[in-house]
Amino acid sequence: MSKPEQDPRSHPVERPTDELVLAAIERAIQHRARDTAAAPTWAIFAHLSIPRRSAAARHVHVRLDVLHAAGWIEPLRLHGVAAWELTGAGQRHLKRARRRGEVGELPESPQHQEWRNAHTAAAQEIDRFRRRLRDCLGEAERTLDAESPAPSDELFELAERLLRSCRNLASASYCLYEWSEPDDAQADVESHLDLSRSGLDANERALRRARRAGRRNVRLWGIDPLYPPC
C-alpha cells in the first residue's frame, strides 16, 4: 500500500500565533464530541500538526501560559490529563481576530486526515480485496466439491479467511463509497442515525451496529499470521 498523498494543509506550524493556538483549542474541543468543553494539551498539538516533544510544542506550552495569564483560557484536568478551555473573553478575542483576518489557517484536522488516509488506502486496496475474496470463494467451492470430506480444522481455517476477506472488502467499500468527507465545523463521529430510520427491529439494529465496529480502521486490514490469504 503506497503512502497517502499529503494534504496541502498538513504542514506543521512551527511558531503559531496566540490566535492560532486559540483556534486550535476551539477546533479540538469541537471535534472531541464530549460533554466537557475542554481539549487536552496533546489534542491541541495534533490540531497544530506539531509533535508533542519538539521546539514547536515547547513554544505552545509557553503561549498557553501567556493565554491563561491574559484570561483567555482556563486549565483543568480530564481524567488526570492536562486540558484547556476557552473563556468567554477568549472566545470574544478569537471572534474579533477572525473579523480582522489575524488568525490564519489551521493545518489539516486529525479527523480529516483520518478520512483522507482511509479513503486513499481503500482506493488502492479494494481491487486486491475483491480478488482475495474471489480466491477464497473459489477454494470454498473446491473444498465442497471434493470427493473426500475436508477435515474440520481445514473448514474452520477457511471460515476465518472468508470472514477476514469479507470484512476487509466491506471496510474498504465503506471508506471509499459511504464515508463522507468530514466537515471541520463539527465532530466526525459515527452516530448510526441511519439505523434508527431503517425500519429494522432493535435486535437487528444492534447486530448491524456490532458488525460495523472498526469499519473505519484501516489498520485492521493487516494480515493475520494465523490465517494467511486464500
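Rule-based calculations on the coordinates, nothing more; no lab input. Computed from a predicted model, the values in this text were never measured in an experiment. Glycine gets a Cβ as well: all are built from the backbone with ideal geometry, and neighbour counts include every protein chain shown.
Points worth noting:
- Cα-based helix-to-principal-axis angle, 110-145 vs the chain, degrees rounded to 10: 10 degrees
- Taking region 85-101 and a reference point 7 angstrom along Cα→Cβ of residue 36, the backbone N atoms nearer than 13 Å belong to 85.
- FRET efficiency, 1/(1 + (r/R0)^6) with R0 41 Å, evaluated for residue 217 and residue 66 via beta carbons: 0.60
- Selection from 185, 120, 72, by position along the positive dipole direction of region 69-206 (Cβ): 72
- Only one item in [x] 26, 22, 17; [y] 31, 20, 15; [z] 46, 19, 16 matches semi-axes √(5λ) of the Cα gyration tensor in Å derived from the coordinates shown, and that item is [z].
- Length added when fully stretched, residue 191-residue 17, from 0.36 nm per residue minus Cα-Cα: 59.2 nm
- Site pair residue 99 and residue 127 shows an inter-label distance of 5.4 nm when each label is modelled 7 Å from Cα along Cα→Cβ.
- Largest GNM mean-square fluctuation across 92, 130, 209, computed for the chain with C-alpha springs under 10 Å, falls on 209.
- Cα-based helix-to-principal-axis angle, 18-32 vs the chain, degrees rounded to 10: 40 degrees
- Longest exposed-site-free window of the chain, the sites being GluC sites (Glu not before Pro) in a DSSP loop that have at most 16 other C-beta atoms within 10 Å: 15-101
- Mean separation of Cα pairs under 8 Å and 6 or more residues apart, divided by the residue count, gives region 18-99 a relative contact order of 33 percent.
- Degrees separating the helix 202-211 axis from the principal Cα axis of the chain, which is the longest one: 80 degrees
- For region 110-221, the relative contact order comes to 41 percent (Cα pairs under 8 Å, sequence separation of at least 6).
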